[in-house]
1. Give the residues of the stretch 1-16 that are closer than 12 Å to GLN81 by Cβ and either of a type in the set (S, T, N, Q) or surrounded by fewer than 16 Cβ atoms within 10 Å (Cβ to Cβ) (or both), sorted by residue number.
2. Residue by residue through the stretch 77-98, note down the ones that are farther than 18 Å from ASP16 by Cα, touching a residue at least 24 places away in the same chain (Cβ under 8 Å) and of a type in the set (S, T, N, Q).
3. Could you grab me the full set of residues in the stretch 66-92 that are farther than 15 Å from PHE122 by Cα and touching a helix residue (DSSP H, G or I) at 6+ places or on another chain (Cβ under 6 Å)?
4. Looking only at the stretch 114-140, which residues are touching a His at 6+ places or on another chain (Cβ under 7 Å) and either of a type outside the set (Val, Ile, Thr) or modelled with pLDDT under 95 (or both)?
5. Report every pair of residues separated by at least 6 positions or lying on different chains whose Cβ atoms are under 7 Å apart, first residue within the stretch 42-55 and open to solvent by 50 Å² or more (accessible area, probe 1.4 Å), second of a type outside the set (A, V, I, L, M).
6. Return a yes/no flag: does the stretch 90-110 have any residue that is polar (S, T, N, Q), under 14 Å from ARG45 (Cα atoms) and loosely packed, with under 14 Cβ neighbours inside 10 Å.
7. Scan the stretch 17-39 for residues that are surrounded by fewer than 13 Cβ atoms within 10 Å (Cβ to Cβ) and either more than 25 Å from ASP107 (Cα to Cα) or under 15 Å from the mean Cα position of the chain (by Cα) (or both) and jot them down.
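The values are calculated or read from the model by the stated rules, or taken from the named source; none is laboratory data. Bear in mind that the values here come from a model prediction, so they are computed numbers and not experimental data. Cβ sites come from the backbone with ideal geometry, for glycine too, and all protein chains shown count toward neighbours. All accessible areas refer to the heavy atoms of the entire protein, side chains included, with ligands and DNA or RNA removed. Shrake-Rupley method; radii C 1.70, N 1.55, O 1.52, S 1.80 Å.
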Amino acid sequence: MPIDDDLAVELIGRTDHGRVATSMRAMPLLASARHVVVDGRVLLRMHRGWGYHRACAGNVVAYGTDNLGSARPGESLWSVQIVGRCETVEPTAAHRELFGPPPRLVDGEPFDPVYLGIEPQFSTVHSLDDGLERQFQHVL
């Protein structure tokens, strides 16, 4: 199946959470994040207390999600990853609303949000059957 950035971003928009991958002090880092898609850009909300946003901001990151644990019977299984430069952003009130209510606590500490944006530079989409090609012909 041809890889299309629009398809990748559309699939990301069908989930709420994913994983951002980068490096921190020369060590691999994989952290969960809440995300929304706005105008083809992926916005992330993470807990500032982890400090992971400092490793992401200003660097190239990979961000991925999938439906492997949430697909309904008969629905195609897929995973998607985008790669792009990540920057700290200040979302509008409308964009914050898209994220929904934040968690009250993270690892026992009050949640302190930080927002990042990723402009996809390239993407990969994997499907376990040809169902994605049939389902997303309008995007491909």
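1. ILE3
2. Listed by number, the list holds a single entry, THR88.
3. Selection gives SER76, TRP78.
4. LEU116
5. The qualifying pairs are ARG48/ASP112; ARG48/PRO113; GLY49/GLU109; GLY49/ASP112.
6. Yes, the conditions are met somewhere in the stretch 90-110.
7. Residues satisfying the conditions are HIS17, LEU30, ASP39.
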